[in-house]
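Worksheet for the structure shown next.
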């Protein structure tokens, strides 16, 4: 299935410390922009948490800035954001440490 510009999604893949503040701090950046994620999943793996947040691209046009902001959170180790364009090509942005 080919995604159109309207239904393309941005996926934020975050690895952070298993900390009680990680999820609220991540979601805060979407709340500030009045963006409701399509999907959020989190899994603890030892001392780390792996979180994936999916949003519609048209709901979050400043997704690159959001990825950088997520990477600045002190409990975040890495962020990888990707978006599918109309031709199903993936554009990726590596942010954070």
Run residue 46 past the list (1) at pLDDT 95 or above; (2) touching a strand residue (DSSP E or B) at 6+ places or on another chain (Cβ under 8 Å) and report the number of the one that doesn't hold. (2)
Cross-chain or 6+ apart pairs with Cβ under 7 Å, segment 68-87 first and modelled with pLDDT under 95, then loosely packed, with under 14 Cβ neighbours inside 10 Å and assigned to a strand (DSSP E or B): 82/90; 82/91; 82/92; 83/91; 84/90; 85/91
Within segment 11-52, can you find the residues that are within 11 Å of the chain's Cα centre (by Cα) and free of Cβ contacts under 8 Å to residues at least 24 places away in the same chain? 37, 39, 40, 41
Any idea how many residues of segment 8-32 are surrounded by 14 or more Cβ atoms within 10 Å (Cβ to Cβ) and either modelled with pLDDT under 95 or over 16 Å from residue 75 (Cβ atoms) (or both)? 5
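The values are calculated or read from the model by the stated rules, or taken from the named source; none is laboratory data. Since the structure is predicted, the reported quantities are computational estimates derived from the model, not experimental observations. Glycine gets a Cβ as well: all are built from the backbone with ideal geometry, and neighbour counts include every protein chain shown.
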